[in-house]
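Below is one structure, written out as structure tokens; comments come after it.
The values are calculated or read from the model by the stated rules, or taken from the named source; none is laboratory data. This one's a predicted model, so the numbers in the text were calculated from it and none came from an experiment. Ideal geometry is used to build each Cβ from the backbone, glycine not excepted, and the neighbour counts take in all protein chains shown. Just so you know, the surface numbers come from the protein's heavy atoms only, side chains and all, with ligands and any DNA or RNA stripped out. Shrake-Rupley method; radii C 1.70, N 1.55, O 1.52, S 1.80 Å.
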Amino acid sequence: MAQTTVRLTMAQALVRYLCSQFIDDDGVERPLFAGCFAIFGHGNVTCLGEALEAAGEALPTWRGQNEQSMTMAAIAYAKAKRRRQIMVAASSIGPGATNMITAAAAAHSNRLPLLLLAGDVFAGRRPDPVLQQVENFGDPTLTVNDGFKPVSRYWDRITHPGQILNSLPQAVATMLDPATCGPAFIGLCQDTQELAFDYPEAFFVRTVHRIARPRPDRAAVADAVAALSAAKRPLIIAGGGVRYSLAEAEVMDFARRRGIPVTETIAGKGTMIHGDPLGLGLIGVLGSSSANGMAGDADLVLAIGTRLQDFITGSWTVFSPEAQIVAINTARFDAVKHRALPVVGDARETLIEIDAALGGWAADPSWLEQGRQLTAEWDALVDRHQAADNSLVPSYAQVVGVVNRLSQPEDMVLTSAGGIVGELTKGWRCKGIYGFDCEMGSSTMGYELAGGWGAAMAREDGEVFVMLGDGSYMMMNSDIYSAVLAGHKMTVIVCDNGGYAVINRLQTGKGNKPFNNLIADCRVKEPFAVDFAAHAAAMGAASRTVESLIELEDALTWAREQTRTTVISIKVAPDKWVPGDAWWDVGVPEVSERAEIRAARGEHAEARKRQRYGV
């Protein structure tokens, strides 16, 4: 019996397929692909552009200003949707495509779904070399799009229109599998986009996907139960996997009944509301002294949904060398790190099974009380740093304190790089579940404003506060214009510290002279400050410059009343930081003529002796 077919160009068929994909989001069916960010060029405008225009509201297209930033917006959208919906990012050939590689790396590091569609060379090669084609002398099949391979979970180049019949379902499956979730890249050869093909109508049947919840191996659960039962000082680390498994209620219920203190990773921040008696704050290099202190005393670490990045482990110095790690993760790659006892499975379902087999075991109440005392000390320290004083220039911590105090439970804050990151991870007290997005998988400067646009697009209520430094603003700011154009409001607080202050802190802290970070230490004719409020106003934002914490409070109240994106600029001190950092391993010169560097090298070598060895 012959299949019923429909004749479409490859580009038309691709878009029709995307429009046919839906997801079951806790009983509510939604489009799997919520929209497409696109910048058109000769490599995609005439064919893919034609198909996207015809799709209309079934796959709304949003015009980007920069390929990297629009792709960052797509990442933030997926994170705000907790990986339940995906955005597409589409570029032309050549530099438009390579602009997306940095964002692809961020999506890969953060385990976030993203569909990348980039124009490519002519499969038939007849007009070679085409505009923006990079010719490899020894391999004519290589194009710049091969650069996506290290930062993609799935990669393909379409050289025949029938190939999407196999490729698109594989790309979708990769992005929806919790173990492989990340960016999928598909290169679209220009002459293939135009070709018509008789596609089976079955390819376009409405399909409703569900995100799998893989159950753990019974023997692994038994091993985890045995390890927990023997523990005297257990600690839970709630990572981003808790967020994406929708497992925050189960994690906190388990911890509450078992008397286990809970700390969070950067991706997991927001698993609990600040003030929860189980909460220790964030762990690691940008964490709290309470979480890091408890981690050092713990004899068992239950790591749920975390890849244990060095910023979380203090380059493997925050844990006792004797501590047993039990790692719950959908990705086997992450679960087996550092000789952990791996329990491969969905965070929620795995914890439910462990809980059911654990019987009446609970930790000694004195262990939880130790955590509460340390957390109270940490909270008091943060309070002191956030309190107003007589300083002419406020600190990051003071600015964070004001914004946090005026925020509402439905609001969120977003950041990515620079000095503001540590001040937010330490000082932002979550009032609502997952009202916090800090892209620290790649710590990409430029994510902030683009991510704010994507998050504002994804969220149905509440303010999106974007907090960033002058360095990140200067690196990528065009999505202020995007957000104003599209009508997606965000409130931006630019903390101007005169350059790359946190890297200056690292530089001088390891014995180096201040060099090429703060504007005052750079090779310039004459240092001067940027008028960020005026710049943002030129892109359509409502904006103000404030000079004190009182003025900041007034500006934030004013910003909430605005209907479009607002930008508030305030100068902050480049040398005031909340302490509590865990150690971090970076390269320090083994030989130097500078005495300060030699001293720093000696201290660093001693610190490395505390590192826990693993694989």
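Cβ contacts < 9 Å: first residue closer than 23 Å to Val402 by Cβ, restricted to the stretch 366-389; second residue assigned to a helix (DSSP H, G or I) and open to solvent by 70 Å² or more (accessible area, probe 1.4 Å), any location; separation 6+ or different chain. Result? Cβ pairs passing all conditions: Gln386/Arg405; Ala388/Ile550. For the stretch 122-166: of the residues being under 15 Å from Thr98 (Cβ atoms) and in contact (Cβ under 8 Å) with a residue 60 or more places away in the chain, which is surrounded by the fewest Cβ atoms within 10 Å (Cβ to Cβ)? Filtering first and then ranking leaves Leu131.
For the stretch 60-70, check the following and say yes or no: at least one residue is buried (at least 24 other Cβ atoms within 10 Å of the Cβ) and among the hydroxyl-bearing types (Ser, Thr, Tyr). So far as the stretch 60-70 goes, yes, one or more of its residues are buried (at least 24 other Cβ atoms within 10 Å of the Cβ) and among the hydroxyl-bearing types (Ser, Thr, Tyr). Reported count of residues in the stretch 34-57, each being more than 25 Å from Pro95 (Cβ to Cβ) and buried (at least 16 other Cβ atoms within 10 Å of the Cβ), is 2.
Screening the stretch 471-519 for residues that are open to solvent by 60 Å² or more (accessible area, probe 1.4 Å) and aromatic (Phe, Trp, Tyr) and picking the one that is farthest from the chain's Cα centre (by Cα) gives Phe515. For the stretch 532-550, the count of residues that are surrounded by fewer than 20 Cβ atoms within 10 Å (Cβ to Cβ), on the phi > 0 side of the Ramachandran plot and within 30 Å of the chain's Cα centre (by Cα) is nonzero. Among the residues of the stretch 588-607, those identified as within 34 Å of the chain's Cα centre (by Cα) and either open to solvent by less than 40 Å² (accessible area, probe 1.4 Å) or modelled with pLDDT under 95 (or both) are Val588, Ile597, Ala600, His604, Ala607.
Is one or more of the residues making up the stretch 210-220 among the basic types (Lys, Arg), surrounded by 19 or more Cβ atoms within 10 Å (Cβ to Cβ) and under 34 Å from the mean Cα position of the chain (by Cα)? No; the residues of the stretch 210-220 include none that is among the basic types (Lys, Arg), surrounded by 19 or more Cβ atoms within 10 Å (Cβ to Cβ) and under 34 Å from the mean Cα position of the chain (by Cα). Looking at the stretch 384-409, which of its residues are under 19 Å from Ala559 (Cα atoms) and assigned to a helix (DSSP H, G or I)? The answer is Gln398, Val399, Val400, Gly401, Val402, Val403, Asn404, Arg405, Leu406.
Only one entry of Ala97, Ala105 meets the criterion of being under 21 Å from Leu449 (Cβ atoms), under 24 Å from the mean Cα position of the chain (by Cα) and not basic (Lys, Arg), and that entry is Ala105. In the stretch 307-328, the qualifying residues are those that are assigned to a loop (DSSP other than H, G, I, E, B) and among the aromatic types (Phe, Trp, Tyr), and the one that is most open to solvent (accessible area, probe 1.4 Å) is Trp316.
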